[in-house]
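The structure under discussion appears below in the form of structure tokens.
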Amino acid sequence: MALSGRRSLLLAAGRLQARGAGLCFASTTTSLKTETEVDTSENEVVAPDFTNRNPRNLEQLALARKERGWKTTWPKREFWHRLRLERTQHYVEAFVECCNGDVVVSASTREWAIKRHLYSPKGVTACKNLGRVMAQRCLEAGINFVNFKAVIPWEYRCDSIQEFEKAMEEGGVVLREPRRIYQ
């Protein structure tokens, strides 16, 4: 369509020029040429002072400090992010908290978006599906490593916690943090 339009324009211009109307085209192509070249050498200069504005950079490089706390504190506070699973009589809740106690990511079977897909908001299948949702939310938040230890050691043997852990690992989250690199 555009090619036939260009041809008819050139034919009409040729007819006008043949009649002596004074219409003349310098070129039949529509290309733009740059008149000045841009000097890009100044873009390659690196500033001598660099300020990193990513607060989690040292943590992702495993260089950040882990708060150890006192030896008598329980549960231990030596983590960057801790994954906790709390089961109540009626619901299951999971959340990731920072070392200062702030909740970063959370999911619960109380949420309607999760509850409507479950037969029961408690039990093994609820924990498994909650693990899938938590893994997706952790990865979306940029959290790839979390510390997951059951608060009460004998709870770890429970089937629901085992399924939750398996679903988190299948979702792509590593359930132990890398060792801190000391310099």
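The table below gives the values:
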read-out	value
Accessible carbon and sulfur surface of the stretch 37-176 relative to its total accessible area, %, 1.4 Å	51
Cα-centre dipole for the stretch 60-183 with unit charges at Cβ (Lys and Arg positive, Asp and Glu negative), debye to 20	320
Percent of C-alpha pairs per 5 Å bin, the stretch 63-104, short to long	5, 20, 24, 21, 16, 8, 4, 1, 0
Accessible surface, 1.4 Å probe, highest first, among residues GLU42, GLU177, GLU169	GLU42, GLU169, GLU177
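The values are calculated or read from the model by the stated rules, or taken from the named source; none is laboratory data. Owing to the predicted nature of the structure, the values given are computational and were not obtained by experimental measurement. Note: ideal-geometry Cβ built from the backbone for every residue, glycine included; neighbour counts use all protein chains shown. We work out accessible area using only protein heavy atoms, side chains counted, and drop any ligands, DNA or RNA first. Shrake-Rupley method; radii C 1.70, N 1.55, O 1.52, S 1.80 Å.
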